[in-house]
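Only one structure is covered here, and it is reproduced in the block below.
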Amino acid sequence: MQAYLDILNRAVADHSRGDRPVVQAPAAAELQQMLDLSLQQDGADLEALEQAVQDYLHYNPDSAQADYFKLLYSGRNDAALLGDWITSLSNATMHTYQVGPVATLMELELIKNWNSLVGFNEGDGLMVSGGSQANLIGMMLARHKACPEFKTRGADGRRLIAYVSDQAHYSAQKAVNVLGIGSDNLVAVATDDEGRMCPRALETAIEESLAAGHQPFYISLTAGTTVVGAFDPVVECRAVADKFDLWLHIDGAWGAPVLFSEHSRHLLANSGLADSFAWDAHKLMNVPITAAVILVKQAGLLKECFSGGGGEYLFHADENAAFNLGERSMQCGRRADSLKVWLSWKALGYKGFAAKIDHLQGLKSLCVSRVEQTDQLEMIAPAEYLNVVFRFKPEGIDDEQTLRRLNIAITKTMMRNGGAYVDYAQYKGRSGIRLILANDAAQAENIERFLQACLTTGEQLVASGEY
């Protein structure tokens, strides 16, 4: 193993320098021609393997850099990275206590603390691969509550209807497909100007479904929408759910960590009113991908919904039976992701995560202030959380399609030139640049430099007409 450890040490040392662009990969067709990715009959030597490792790190975007503003994850969590390495070394799986003893106890401790933050006093939970799977499980639990016989008999002629906001993550579309609900039975509920689900529109949509003879069963709220970071109103939507006896899920994949912060947890007040809750540790907690959790208010429901099979050879009725997490899971083999999350939480504590949220909220406020003070920049969405959606809008250009092309060109030009890595997005018919603040290594100077680069690049593109 030593030879491979030497390769790893050299790779870590080189990658940690940080004196390189955030992203430097060319177009896919070009990179495919540059690299030798062939697999052959004979094995390669260590030199070839090390070159492949170097290529991988060289061309992959460096999400740990402070100018990585593109996605809902960035930064590096060293304690979690250590956990990821050790997890791979031990190669534990998580279906029974016997094959993952310490990881199982760590996962249970994490679930207890996550539930406490959310407000599920007697809750349950399980770590999963990501928010998409957590949302899928939330919908499946809702289906099980509404139609427990679905597990054995299937749909049996029922047409179930699920409700999400028109700003919800696309994982809901995947979930209705996987669960056999059907995409025609996923209703996108209108949102207000702030990007939040309208409770009255939700109630109207449910009444329309009932009038059509269909069976509503599930409402999903979003805590931190992907584009603008909006938080759907929990109390009002809980009242609607109670009126029609529907399951209420909260997708907190991005926004849930506000619960660590005294200053920001009001954004997710009353989260304990939900029936289930999704949280991605690999987003704002900066744990290496993937690590997420599905939390459930009613203990035992996960096992009731997912158990079946394996008792003859795997889930033995012994003294550790209560600790076998596999019967709560839709997976059999499941990676021990609890170690990396537990180590990072142990290292930082509640206060460490709270400080991170507060620092990033301060940067967000600075960024919004600078945009609003700059004549050629314009906010196109509210910025209650850590998403800042704005655009470069020079005097004399008002056409939406022209502005869309111009702002997309700004993001791509900055990326090609070795500048900040940022994305673009559309919100309620207007397009602009979407800045995501997830890396607490970012400071005020990073924001100032980024906004100046947007202005300079935009002005150059307008002058040249090349957009």
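The values are calculated or read from the model by the stated rules, or taken from the named source; none is laboratory data. These numbers come from a predicted model, not from an experiment. With ideal geometry, Cβ positions are generated from the backbone for all residues, glycine too; neighbour counts draw on all protein chains shown. For accessibility, only protein heavy atoms count, side chains too; no ligands or nucleic acids. Shrake-Rupley method; radii C 1.70, N 1.55, O 1.52, S 1.80 Å.
How many residues are open to solvent by 60 Å² or more (accessible area, probe 1.4 Å) and outside any loop (DSSP other than H, G, I, E, B) if we restrict to the range 43-52? The qualifying residues number 4. Checking each residue in the range 324-342 for being within 21 Å of Ile86 (Cβ to Cβ) and either open to solvent by 60 Å² or more (accessible area, probe 1.4 Å) or of a type in the set (Lys, Arg) (or both) picks out Arg334, Arg335, Lys340, Trp342. Picking from residues in the range 445-467 that are aliphatic (A, V, I, L, M) and within 16 Å of Arg404 (Cβ to Cβ), the one that is most open to solvent (accessible area, probe 1.4 Å) is Val462.
Check every one of the strands (runs of 3 or more DSSP E) wholly within the range 100-189 and list those with 3 or more residues that are touching a residue at least 40 places away in the same chain (Cβ under 8 Å) and not aromatic (Phe, Trp, Tyr). Output list reads 124-128, 160-165.
Yes/no per residue for (1) of a type in the set (S, T, N, Q); (2) touching a Phe, Trp or Tyr at 6+ places or on another chain (Cβ under 7 Å); (3) under 30 Å from Gly131 (Cβ atoms):
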{"residue": "Asp6", "(1), (2), (3)": "no, no, no"}
{"residue": "Val12", "(1), (2), (3)": "no, no, yes"}
{"residue": "Val23", "(1), (2), (3)": "no, yes, yes"}
{"residue": "Leu46", "(1), (2), (3)": "no, no, no"}
{"residue": "Ala64", "(1), (2), (3)": "no, no, yes"}
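Cβ-Cβ contacts under 6 Å between residues 6 or more apart (or on different chains), taken from a first residue in the range 245-265 that is free of Cβ contacts under 8 Å to residues at least 60 places away in the same chain to a second residue that is part of a loop (DSSP other than H, G, I, E, B) and open to solvent by 10 Å² or more (accessible area, probe 1.4 Å), are listed as Leu248/Asp275. Just so you know, in the range 197-206 the residues that are over 22 Å from the mean Cα position of the chain (by Cα) and open to solvent by less than 70 Å² (accessible area, probe 1.4 Å) include one that is nearest to Val389 (Cα to Cα), and it is Cys198. Would you pick out the residues in the range 27-42 that are assigned to a loop (DSSP other than H, G, I, E, B) and either modelled with pLDDT under 95 or open to solvent by less than 80 Å² (accessible area, probe 1.4 Å) (or both)? Passing the criteria: Ala27, Leu35, Asp36, Ser38. Exactly one residue among Gln401, Gln361 is open to solvent by 20 Å² or more (accessible area, probe 1.4 Å), touching a residue at least 12 places away in the same chain (Cβ under 8 Å) and in a helix (DSSP H, G or I), and that residue is Gln361. Summed over the range 54-99, residues that are more than 30 Å from Ala321 (Cβ to Cβ), assigned to a helix (DSSP H, G or I) and open to solvent by less than 60 Å² (accessible area, probe 1.4 Å) total 6. Residue pairs whose Cβ atoms lie under 7 Å apart, sitting 6 or more positions apart in sequence or on different chains, and linking a residue in the range 25-40 that is closer than 15 Å to Val53 by Cα to a partner that is open to solvent by less than 100 Å² (accessible area, probe 1.4 Å) and of a type in the set (Asp, Glu), are Leu35/Asp55. Here Gly213 does not qualify as outside any helix (DSSP H, G or I) and open to solvent by less than 10 Å² (accessible area, probe 1.4 Å).
Condition first: outside any helix (DSSP H, G or I), exposed (fewer than 15 other Cβ atoms within 10 Å of the Cβ), modelled with pLDDT under 95 and of a type in the set (A, V, I, L, M, F, W, C). Can you find one or more residues in the range 303-315 that meet it? The answer is no; no qualifying residue exists. Considering the conditions (1) assigned to a helix (DSSP H, G or I); (2) in contact with a Lys or Arg (Cβ under 9 Å, 6 or more places away or on another chain); (3) open to solvent by less than 40 Å² (accessible area, probe 1.4 Å), Leu284 is excluded by exactly one of them, (1). Output the residue which, of all residues in the range 166-181 that are in contact with a strand residue (DSSP E or B) (Cβ under 6 Å, 6 or more places away or on another chain) and among the aliphatic types (A, V, I, L, M), is most open to solvent (accessible area, probe 1.4 Å). Filtering first and then ranking leaves Ala168.
Output yes when any residue across the range 366-378 is in contact (Cβ under 8 Å) with a residue 24 or more places away in the chain, open to solvent by 10 Å² or more (accessible area, probe 1.4 Å) and within 30 Å of Ala281 (Cβ to Cβ), and no when none is. So far as the range 366-378 goes, yes, one or more of its residues are in contact (Cβ under 8 Å) with a residue 24 or more places away in the chain, open to solvent by 10 Å² or more (accessible area, probe 1.4 Å) and within 30 Å of Ala281 (Cβ to Cβ).
Quick check: is even one residue across the range 150-165 in contact with a strand residue (DSSP E or B) (Cβ under 7 Å, 6 or more places away or on another chain), within 26 Å of Met94 (Cα to Cα) and among the polar types (S, T, N, Q)? Checking the range 150-165: not a single residue is in contact with a strand residue (DSSP E or B) (Cβ under 7 Å, 6 or more places away or on another chain), within 26 Å of Met94 (Cα to Cα) and among the polar types (S, T, N, Q). Among all positions in the range 255-269, there is no residue which is open to solvent by less than 30 Å² (accessible area, probe 1.4 Å), assigned to a strand (DSSP E or B) and closer than 24 Å to Ser74 by Cβ. Looking across the range 184-196, the residues that are open to solvent by less than 80 Å² (accessible area, probe 1.4 Å) and within 30 Å of Met330 (Cα to Cα) come down to Asn185, Leu186, Val187, Ala188, Val189.
Being modelled with pLDDT of 95 or more, over 25 Å from Glu445 (Cβ atoms), surrounded by fewer than 15 Cβ atoms within 10 Å (Cβ to Cβ) and not basic (Lys, Arg) is the requirement here; does Ile408 meet it? No; evaluated as a whole, the condition is false for this residue.
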